[in-house]
Amino acid sequence: MPITRLNHAVLYVRDAERSAAFYEDVLGFRRVPVGLPGAVFLQASGSTNDHDLGLFSVGGQTPETLVGRRPGVGLYHLAWEVDTLAELERIAGELAAARSLTGATDHGTTKALYGRDPDGIDFEVSWLVPASLIDDEARRAREEIRPLDLEREKARYGAFTPGGTGVSAPAAL
């Protein structure tokens, strides 16, 4: 059975309502009606999936996760993809305003923002260079971690160039 993609993620959080507000206000997710007490299901704004993120309340006294900040077993982070560098830049502003932006990195073929939600769960928001634009410079840059310069990347690839084409999204016919 070949797996084609991740359908959804489910996170245990202290307060599903508080976390849902963060994912709605900062990352633009929208609620999906569900009749499960203590749970909130969310759909990404560009998704047609039933739901992309499930949040389950586990209580306010639950300790914050340390995965991602020190070695340990567990999920390090989730990564969501956006369509354009302009959208990545907009989200960088939203994350910064929410004091949730923890980093911005150029991985050559991936331009990534890193953030942390109200429960300390790490996540990534990224734009992928389309397959047709991956050149030797982008391939070499995958071997190092560089700070993300969004202005440089927009000048190089265009602010509204659809990302991921031929990589994570099918190439146009």
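Readers should treat all values here as calculations from the given coordinates under stated rules, not as data from a laboratory. Keep in mind that what you see is a predicted model, and the values were worked out from it rather than measured. Please note: Cβ atoms are built from the backbone with ideal geometry, for glycine as well, and neighbour counts cover all protein chains shown.
Modelled spin-label separation between L6 and E24, with each label point placed 7 Å from Cα along the Cα-to-Cβ direction: 2.3 nm. Which of the listed residues, G74, L85, G59, is farthest toward the dipole's positive end in segment 20-124, when Lys, Arg count +1 and Asp, Glu count -1 at the beta-carbon? Result: G59, furthest along the dipole toward the positive end.
Roughly what would the spin-label model give for V34 and E64, points 7 Å off Cα along C-beta, in nm? Modelled inter-label distance: 2.5 nm. Counted by neighbouring Cβ atoms within 10 Å, the residues Y114, Y23 run from fewest to most as Y114, Y23.
A Cβ-based charge dipole, computed about the Cα centre of segment 81-173 with Lys and Arg at +1 and Asp and Glu at -1, lands at about 140 debye.
How much of the calculated P(r) for segment 7-60 lies past 13 Å, in percent of all Cα pairs?
52
Residues F29, F22, F160, arranged from fewest to most other Cβ atoms within 10 angstrom of their Cβ, appear as F160, F22, F29. With 0.36 nm allotted per residue and the present C-alpha distance subtracted, the T105-R156 stretch has 16.8 nm of extension available. The loop-placed trypsin sites (Lys or Arg not before Pro) in segment 12-117, going by DSSP, that have at most 14 neighbouring Cβ atoms within 10 Å of their Cβ come out as R69, R99. Once fully extended, how much extra length lies between I134 and A98, figured as 0.36 nm per residue of separation less the alpha-carbon to alpha-carbon distance? Length difference between fully extended and current span is 9.7 nm.
Taking other C-beta atoms within 10 Å as the exposure proxy, T48, T102 rank T48, T102 from fewest upward.
With contributions of -39500 (n - 2.57) from each DSSP H run of at least four residues, the per-residue ellipticity at 222 nm computed over the chain stands at -6500 deg cm²/dmol.
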